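What follows is a set of notes on a single structure, which appears directly below.
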Amino acid sequence: MKYDFDEVVERRGTNSYKWNVAENELPMWVADMDFKTAPEIRAALQKRLDHGIFGYEDIPDEWYEAYQKWWERRHSLKIEKEWLIFCTGVIPAISTMVRKLSTPAEKVVIQTPVYNIFFNSILNNGRVPYENRLIYDESTGKYSIDWEDLEEKLADPQTSLFILCNPHNPSGEIWTKDVLVRIGELCKKYAVTVISDEIHCDITDPGKGYVPFAAASDICRDISVSCIAPTKCFNIAGTHTAAVFAANPVLRHKVWRGLNTDEVAEPNSFAMTAAIAAFNEGEPWLEELRAYLAENKKMIRDFIEKNLPKVKVMPSDATYLLWLNVSKYGKTSEKLAEEIREKTGLYLSAGNIFGGDGENFLRMNAACPRSLLNDGLERLKRALS
Ligand SMILES: Cc1ncc(COP(=O)(O)O)c(C=O)c1O
């Protein structure tokens, strides 16, 4: 390995949201990684820093090209330059789109359990989250879509938007092309616009890829806006750099207006440099990271299977998040997470915040050096044995 993912970097005292915890605590909750980003990105940012002037910036051609080349090469999707719009984050963009593409009191469909901040983007803007609960299959330990319920919710005249999480956080499910095509057809039938959040798309297990919603069919491409970013997979969320793209010019115009009105379409001094370096130079680092994360996920699975047979780990092909079914403990996830934290200092996400059947689950973040991972697993064993 060229890159060192075993290095433990002290994050306490750096204003880290994740690591703002007590001295004895080990945070394995919020979705950022305990690895330094790629040296290539750090070098590019250092160069930008050394320039010393941090005035207002334009979006250069290199930024568009970096996204276009990456998606074409890695995800077989040709994104036209004019489809792309810079924004300061996926959540700022989703909140803007909720405001711009629906009216107050309308319903927004989400497939729960799902990334909890989707609820904020909907509720904070006076819209109604409309949960298409995913169905948990005891035998496979996986989720599937309740199609009948989805159609009923999309057919509701008050439904105007559907926010898809592709790949899905917290389950790590990569939606297949067939599933995406079917979602597209249903949304088209009921005139529902799709926002596809694809922020996790580059962290798939080695050998696995994802299908961009816009690549699934002509319908999918025409009725959707996709959110993409280098932040999750290169661990640069603090640079606030993301993009949306929409092939449909009418939809794109509305989103562009919305992002500008909300003032979330202008980059900070590091946003361009970070994204361009990530997509143009970060590929070798990302490949090694994916292998390291897949091994971490396997270690968690093996450890839990051996030591904690009451916990069932959901199979997952994407993200560095693991969804642990703890229903056999007969407690709510909130209570269980609290007990684990109090007893051992291990800080996991309680599943109830993700909606749906999340109260039966805990979410564990596997993106850390092995020494921390082993520490976390020992703490989990101590708490649950
Ligand atoms: C599915 C999903 N979307 C969006 C975000 C946050 O995106 P941003 O930091 O660009 O607002 C996260 C962060 O965990 C996420 O998991």
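Since every read-out is calculated from the coordinates, none of them should be taken as a lab result. Given the structure is predicted, the values throughout are model-derived calculations rather than measurements. Using ideal geometry, Cβ is built from the backbone for each residue, glycine included, and neighbour counts are taken over all protein chains shown.
Give me the one-decimal nm value for the distance between modelled label points at Glu305 and Asp156, 7 Å along each residue's Cα-to-Cβ direction.
With each label placed 7 Å out from Cα toward Cβ, I get 4.0 nm.
In straight Cα distance, which lysines are under 26 Å from Lys153, not counting same-chain residues fewer than 8 positions off?
Lys100, Lys107, Lys142, Lys177, Lys188, Lys189, Lys254
Using a 10 Å Cβ count of at most 13 others and DSSP loop calls, identify the longest part of the chain lacking such GluC sites (Glu not before Pro). Present the calculation step by step, with values, prior to reporting the outcome.
Details: sites that count: Glu7, Glu10, Glu23, Glu80, Glu138, Glu263.
No qualifying site falls inside 139-262, the longest such stretch.
Kindly give Rg over Rh for the chain, based on alpha-carbon atoms, with the Kirkwood expression for the hydrodynamic radius.
Working: Rg = 20.4 Å, Rh = 21.4 Å.
Rg divided by Rh gives 0.95.
Estimate the FRET efficiency between Asp218 and His51 by the formula 1/(1 + (r/R0)^6), using the beta-carbon distance for r and 45 Å for R0, to the nearest 0.05.
On the way: r = 44 Å, r/R0 = 0.98.
The value I calculate is 0.55.
Quick one: dipole size for the chain, taken about the Cα centre, charges +1 on Lys/Arg Cβ and -1 on Asp/Glu Cβ, in debye to the nearest 20. Can you show the working numbers first?
Numbers: 47 positive and 56 negative charges, 107 e Å.
Dipole magnitude for the chain comes out near 520 debye.
Can you give the Rg to Rh ratio of segment 62-281, both from alpha-carbon atoms, with Rh computed by the Kirkwood formula? Before the final figure, lay out the partial values.
Numbers: Rg = 16.4 Å, Rh = 17.4 Å.
Reported Rg/Rh (Cα atoms, Kirkwood Rh): 0.94.
Using only the alpha carbons of segment 31-100, what is the convex hull's orientation-averaged projected area in square nanometres? All intermediate terms of the calculation are to be shown ahead of the outcome.
Values: hull surface 28.9 nm².
In nm², the orientation-averaged hull projection of segment 31-100 is 7.2.
If you place +1 on the Cβ of every Lys and Arg, -1 on the Cβ of every Asp and Glu, and leave all else neutral, what size is the dipole of segment 62-281 about its Cα centre, to the nearest 20 Debye? Each step should come with its number before you reach the end.
On the way: 22 positive and 28 negative charges, 82 e Å.
With only Lys, Arg, Asp and Glu charged at Cβ, the dipole is about 400 debye.
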